[in-house]
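Input: a single structure, listed below in C-alpha coordinates.
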Amino acid sequence: MIDRESAFQLLDSQKPEPHLIHHAMQTEAVMTGLAKHFGEDETLWSITGLLHDLDFPTTKEAPEEHGKQSVELLKGKLPEIALNAILAHNSEYTNHDPTTKLDIALRCAETVTGLIATNALVRPNGMEGMTPKSLKKKMKDKAFAASVSRDRIRECEKLDLDLGQFFQLAIESITPIADSVGLVKRT
Ligand SMILES: [Fe+2]
(Lines give C-alpha, C1' and ligand atoms only; values in the text may rest on other atoms or scores of the structure.)
Protein backbone atom coordinates (compact mmCIF):
# COMPACT_ATOMS: atom_id res chain seq x y z
CA MET A 1 0.00 0.00 0.00
CA ILE A 2 1.09 3.53 -0.74
CA ASP A 3 2.84 5.20 2.18
CA ARG A 4 1.76 8.50 3.68
CA GLU A 5 4.48 10.58 2.03
CA SER A 6 3.75 9.21 -1.45
CA ALA A 7 0.02 9.59 -0.82
CA PHE A 8 0.48 13.24 0.01
CA GLN A 9 2.66 13.78 -3.07
CA LEU A 10 0.03 12.11 -5.23
CA LEU A 11 -2.65 14.36 -3.74
CA ASP A 12 -0.50 17.42 -4.36
CA SER A 13 0.20 16.32 -7.96
CA GLN A 14 -3.49 16.83 -8.78
CA LYS A 15 -3.02 20.54 -8.04
CA PRO A 16 -5.77 20.82 -5.43
CA GLU A 17 -6.78 24.16 -4.02
CA PRO A 18 -5.51 24.69 -0.46
CA HIS A 19 -8.96 24.18 1.04
CA LEU A 20 -9.14 20.72 -0.55
CA ILE A 21 -5.82 19.75 1.01
CA HIS A 22 -7.14 21.02 4.33
CA HIS A 23 -10.32 18.97 3.91
CA ALA A 24 -8.26 15.89 3.01
CA MET A 25 -6.07 16.29 6.10
CA GLN A 26 -9.04 16.91 8.38
CA THR A 27 -10.68 13.76 7.03
CA GLU A 28 -7.41 11.86 7.52
CA ALA A 29 -7.32 12.98 11.14
CA VAL A 30 -10.91 11.92 11.87
CA MET A 31 -10.36 8.58 10.12
CA THR A 32 -7.28 8.01 12.27
CA GLY A 33 -9.33 8.75 15.37
CA LEU A 34 -12.07 6.36 14.26
CA ALA A 35 -9.58 3.59 13.44
CA LYS A 36 -8.01 3.98 16.88
CA HIS A 37 -11.41 3.90 18.53
CA PHE A 38 -12.47 0.73 16.73
CA GLY A 39 -9.06 -0.98 16.79
CA GLU A 40 -8.95 -0.94 12.98
CA ASP A 41 -5.97 -0.48 10.65
CA GLU A 42 -4.94 3.15 11.30
CA THR A 43 -2.74 3.43 8.22
CA LEU A 44 -5.41 2.07 5.90
CA TRP A 45 -8.18 4.21 7.33
CA SER A 46 -6.11 7.40 7.49
CA ILE A 47 -4.73 7.15 3.94
CA THR A 48 -8.21 6.36 2.63
CA GLY A 49 -9.34 9.57 4.29
CA LEU A 50 -6.44 11.57 2.91
CA LEU A 51 -7.02 10.39 -0.66
CA HIS A 52 -10.82 10.10 -0.85
CA ASP A 53 -11.25 13.30 -2.90
CA LEU A 54 -8.11 12.81 -4.99
CA ASP A 55 -9.90 13.41 -8.28
CA PHE A 56 -11.87 16.43 -7.10
CA PRO A 57 -9.80 18.99 -9.04
CA THR A 58 -10.90 17.28 -12.27
CA THR A 59 -14.38 16.07 -11.29
CA LYS A 60 -15.87 19.02 -9.44
CA GLU A 61 -17.96 19.83 -12.52
CA ALA A 62 -18.70 16.15 -13.21
CA PRO A 63 -20.03 14.58 -10.01
CA GLU A 64 -20.85 11.31 -11.77
CA GLU A 65 -17.11 10.86 -12.25
CA HIS A 66 -16.18 11.73 -8.67
CA GLY A 67 -14.66 8.71 -6.98
CA LYS A 68 -14.35 6.72 -10.20
CA GLN A 69 -11.36 8.72 -11.41
CA SER A 70 -9.74 8.48 -7.98
CA VAL A 71 -10.05 4.71 -8.13
CA GLU A 72 -8.36 4.68 -11.54
CA LEU A 73 -5.49 6.72 -10.13
CA LEU A 74 -5.24 4.51 -7.04
CA LYS A 75 -5.45 1.02 -8.49
CA GLY A 76 -2.55 -1.02 -7.11
CA LYS A 77 -1.78 1.68 -4.56
CA LEU A 78 -4.64 1.02 -2.14
CA PRO A 79 -6.40 -2.24 -1.30
CA GLU A 80 -9.82 -2.98 -2.78
CA ILE A 81 -11.62 -2.23 0.47
CA ALA A 82 -10.30 1.34 0.38
CA LEU A 83 -11.17 1.80 -3.29
CA ASN A 84 -14.69 0.61 -2.51
CA ALA A 85 -14.97 3.13 0.31
CA ILE A 86 -13.93 5.91 -2.07
CA LEU A 87 -16.65 4.87 -4.51
CA ALA A 88 -19.20 4.55 -1.71
CA HIS A 89 -18.54 8.06 -0.43
CA ASN A 90 -20.21 9.26 -3.65
CA SER A 91 -22.87 6.54 -3.74
CA GLU A 92 -25.52 8.90 -5.08
CA TYR A 93 -23.61 8.97 -8.37
CA THR A 94 -21.56 5.77 -8.36
CA ASN A 95 -24.41 3.45 -7.30
CA HIS A 96 -21.90 1.90 -4.97
CA ASP A 97 -23.73 1.62 -1.68
CA PRO A 98 -21.80 1.77 1.58
CA THR A 99 -21.62 -1.63 3.26
CA THR A 100 -18.41 -1.96 5.26
CA LYS A 101 -17.38 -0.19 8.43
CA LEU A 102 -14.73 1.64 6.43
CA ASP A 103 -17.33 2.80 3.87
CA ILE A 104 -19.54 4.26 6.57
CA ALA A 105 -16.64 5.75 8.52
CA LEU A 106 -15.37 7.61 5.47
CA ARG A 107 -18.81 9.03 4.70
CA CYS A 108 -19.45 10.42 8.16
CA ALA A 109 -15.82 11.48 8.73
CA GLU A 110 -15.46 13.48 5.55
CA THR A 111 -18.82 15.14 6.17
CA VAL A 112 -18.34 16.10 9.81
CA THR A 113 -15.22 18.02 8.80
CA GLY A 114 -17.48 20.49 6.98
CA LEU A 115 -19.51 21.23 10.09
CA ILE A 116 -16.44 21.50 12.31
CA ALA A 117 -14.38 23.63 9.92
CA THR A 118 -17.25 26.07 9.35
CA ASN A 119 -17.80 26.30 13.09
CA ALA A 120 -14.10 26.87 13.78
CA LEU A 121 -14.01 29.70 11.27
CA VAL A 122 -16.82 31.61 12.96
CA ARG A 123 -15.52 31.12 16.51
CA PRO A 124 -13.04 33.67 17.91
CA ASN A 125 -10.85 30.87 19.25
CA GLY A 126 -11.13 28.50 16.30
CA MET A 127 -11.07 24.87 17.43
CA GLU A 128 -10.13 25.75 20.99
CA GLY A 129 -12.91 24.91 23.43
CA MET A 130 -15.31 23.60 20.76
CA THR A 131 -17.78 21.17 22.29
CA PRO A 132 -20.03 18.40 21.00
CA LYS A 133 -22.94 20.37 22.44
CA SER A 134 -22.21 23.36 20.20
CA LEU A 135 -21.98 21.09 17.16
CA LYS A 136 -25.32 19.50 18.03
CA LYS A 137 -26.84 22.99 17.99
CA LYS A 138 -25.28 23.66 14.59
CA MET A 139 -26.72 20.37 13.33
CA LYS A 140 -30.20 21.73 14.00
CA ASP A 141 -29.51 25.12 12.41
CA LYS A 142 -30.19 24.31 8.78
CA ALA A 143 -28.85 27.63 7.54
CA PHE A 144 -25.46 26.94 9.10
CA ALA A 145 -23.08 25.15 6.69
CA ALA A 146 -26.22 24.39 4.68
CA SER A 147 -24.44 22.14 2.18
CA VAL A 148 -23.24 19.76 4.88
CA SER A 149 -25.48 16.69 4.94
CA ARG A 150 -26.81 16.10 8.44
CA ASP A 151 -27.99 12.63 7.39
CA ARG A 152 -24.47 11.65 6.43
CA ILE A 153 -23.08 12.80 9.74
CA ARG A 154 -25.75 10.73 11.50
CA GLU A 155 -24.45 7.65 9.70
CA CYS A 156 -22.01 7.47 12.63
CA GLU A 157 -24.87 5.78 14.48
CA LYS A 158 -24.48 2.79 12.16
CA LEU A 159 -21.03 2.45 13.73
CA ASP A 160 -22.62 2.46 17.17
CA LEU A 161 -21.31 5.92 17.93
CA ASP A 162 -23.88 8.43 19.07
CA LEU A 163 -23.59 11.99 17.79
CA GLY A 164 -22.02 13.29 20.97
CA GLN A 165 -19.32 10.60 20.94
CA PHE A 166 -18.63 11.14 17.28
CA PHE A 167 -18.35 14.90 17.64
CA GLN A 168 -16.02 14.48 20.61
CA LEU A 169 -13.80 12.11 18.66
CA ALA A 170 -13.78 14.39 15.60
CA ILE A 171 -12.99 17.51 17.64
CA GLU A 172 -10.16 15.71 19.44
CA SER A 173 -8.79 14.45 16.12
CA ILE A 174 -8.78 17.79 14.33
CA THR A 175 -7.74 20.11 17.18
CA PRO A 176 -4.04 19.07 17.22
CA ILE A 177 -3.67 19.86 13.50
CA ALA A 178 -5.88 22.96 13.45
CA ASP A 179 -3.01 25.28 12.54
CA SER A 180 -1.98 23.25 9.51
CA VAL A 181 -5.50 22.81 8.13
CA GLY A 182 -6.61 26.42 7.97
CA LEU A 183 -8.44 26.49 11.30
CA VAL A 184 -6.22 29.00 13.02
CA LYS A 185 -7.32 31.29 15.79
CA ARG A 186 -8.33 34.71 14.57
CA THR A 187 -7.36 36.49 17.77
FE1 LIG B 1 -14.52 14.86 0.84
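The values are calculated or read from the model by the stated rules, or taken from the named source; none is laboratory data. Nothing here was measured: the structure is a model prediction, and the numbers come from that model. Every residue, glycine among them, receives a Cβ derived from its backbone with ideal geometry; neighbour counts consider all protein chains shown. Surface areas here come from the heavy atoms of the whole protein model, side chains and all, with no ligands, DNA or RNA. Shrake-Rupley method; radii C 1.70, N 1.55, O 1.52, S 1.80 Å.
Exactly one residue out of E80, E110, E128 is within 16 Å of the ligand (Cβ to nearest atom) and of a type outside the set (S, T, Y): that is E110.
Looking at region 4-84, none of the helices (runs of 4 or more DSSP H) lying wholly inside it contains 3 or more residues that are touching a strand residue (DSSP E or B) at 6+ places or on another chain (Cβ under 8 Å), open to solvent by 40 Å² or more (accessible area, probe 1.4 Å) and more than 27 Å from T175 (Cα to Cα). The residues of region 85-101 that are under 15 Å from the mean Cα position of the chain (by Cα) and more than 15 Å from the ligand (Cβ to nearest atom) amount to a single one, K101.
Hey, can you tell me all the residues within region 98-141 that are more than 19 Å from K158 (Cβ to Cβ) and among the polar types (S, T, N, Q)? If the condition is that a residue be more than 19 Å from K158 (Cβ to Cβ) and among the polar types (S, T, N, Q), then T118, N119, N125, T131, S134 are the ones that fit. Looking across region 134-178, the residues that are under 16 Å from E110 (Cβ atoms) and either open to solvent by 90 Å² or more (accessible area, probe 1.4 Å) or among the small types (G, A, S) (or both) come down to A145, S147, S149, D151, R154, K158, A170, S173. Listed conditions (1) in contact with a Ser or Thr (Cβ under 8 Å, 6 or more places away or on another chain); (2) within 11 Å of the ligand (Cβ to nearest atom) are all met by L20, apart from (1).
The set of residues in region 85-97 being within 22 Å of E157 (Cβ to Cβ) and not in a helix (DSSP H, G or I) consists of H89, N90, H96, D97. Of all the numbered requirements in (1) in contact with a helix residue (DSSP H, G or I) (Cβ under 8 Å, 6 or more places away or on another chain); (2) closer than 24 Å to E40 by Cβ; (3) open to solvent by 80 Å² or more (accessible area, probe 1.4 Å), E128 misses one, and that requirement is (2).
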